[in-house]
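Worksheet: one structure, shown below.
The values are calculated or read from the model by the stated rules, or taken from the named source; none is laboratory data. Every value quoted in this text rests on a predicted model; they were computed, and no experiment measured them. Note: ideal-geometry Cβ built from the backbone for every residue, glycine included; neighbour counts use all protein chains shown. Areas reflect the complete protein model, heavy atoms only, side chains present, ligands, DNA and RNA absent. Shrake-Rupley method; radii C 1.70, N 1.55, O 1.52, S 1.80 Å.
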Amino acid sequence: MKMRFLFIWLSLTLLGAGISVRAAQTSAPATAPYVMPGAPSFDQSISLFRETFNSNNPRLPLSEFRAIDGARDTPNLTRAASKINENLYASTALERGTLKIKSMQITWLPIQGPEQKAAKAKALEYMSAILRAFTPALTPSQSQKKLQKLLSAGKNKRYYAETEGAVRYVVADNGEKGLTFAVEPIKLALSETLGGAN
């Protein structure tokens, strides 16, 4: 169990500070938005998110998130995780003080044997529900299709990101070591032509 918790912590690290190292080698963005100074957060605290998520998804409960002590945490960032089951975790990066969400992640640690198919199906349900929680205009069917598209695009890639409006979806596929799906807010800026028209 300690090994799985360590993997969750490492996944957060990979999605956070480790992205800049890989970005030098690939065309991926330089770093995850929540690590940047002044990165945005969703307009809800983790406790409000969990309450709403559990109300909207009674078959997919999230337990209380507990802080993770991390050497890479910054003075304005707190990381926390919630164990869903032995091979599925939710984790988050939070704005320190307000506990508003800067990134919400679901990590699945693949298991071998006859339970693998059911375990993966449960992981995909949670990922789809997280996607829908931050993109409420999507129906359950649309969120499942969107998730499948993202997971396909990120398959066998250590890091894949796609932006849609003010939300960024991230997939980190480490094969048999695990799969992480994250949703993060991004800052929107007016284009120079729009800004110059005023």
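First measure r as the distance between the Cβ atoms of Lys120 and Glu162, then evaluate 1/(1 + (r/R0)^6) with R0 = 30 Å and state the FRET efficiency to the nearest 0.05.
Plugging the Cβ-Cβ distance into 1/(1 + (r/R0)^6) gives 0.90.
Taking amide H positions as placed 1.01 Å from N in the peptide plane, with prolines and chain starts having none, which residues 5 or more places from Val167, or on another chain, fall under 5 Å of its amide H?
Amide H to amide H, under 5 Å and 5 or more residues apart or across chains, Val167 pairs with Ile186.
So if R0 is 35 Å, what FRET efficiency would Thr52 and Glu176 give, r being the distance between their Cβ atoms, rounded to the nearest 0.05?
With R0 = 35 Å, the Cβ-Cβ based efficiency is 0.55.
Read phi for every residue in the stretch 54-64 and hand back ³J(HN,Hα) as whole Hz from Karplus 6.51 cos²θ - 1.76 cosθ + 1.60, θ = phi - 60°, with x for Gly and Pro.
Calculated HN-Hα couplings, in order: 5, 5, 7, 10, x, 8, 10, x, 10, 7, 4 Hz.
Using a basic spin-label model with each label point 7 Å from the Cα along Cα→Cβ, how many nm lie between Lys155 and Glu64?
For the pair Lys155/Glu64, the computed spacing is 4.1 nm.
Just to confirm, what accessible area per residue do you get for the stretch 50-154 at 1.4 Å probe, in whole Å²?
Dividing the accessible area of the stretch 50-154 by its residue count gives 50 Å².
Tally up the carbon and sulfur contribution to the accessible surface of the stretch 38-153 as a whole percent, 1.4 Å probe, everything protein left in place.
Values: 3020 of 5790 Å².
Using a 1.4 Å probe with all protein chains present, the stretch 38-153 comes out at 52 percent carbon and sulfur.
Please list, by residue number, every one of the GluC sites (Glu not before Pro) in the stretch 90-133 that is coil in DSSP and has at most 13 other beta-carbon atoms within 10 Å. Write down the numbers at each step before the final one.
Working: sites: Glu95, Glu115, Glu125; in loops: Glu115.
The qualifying sites are Glu115.
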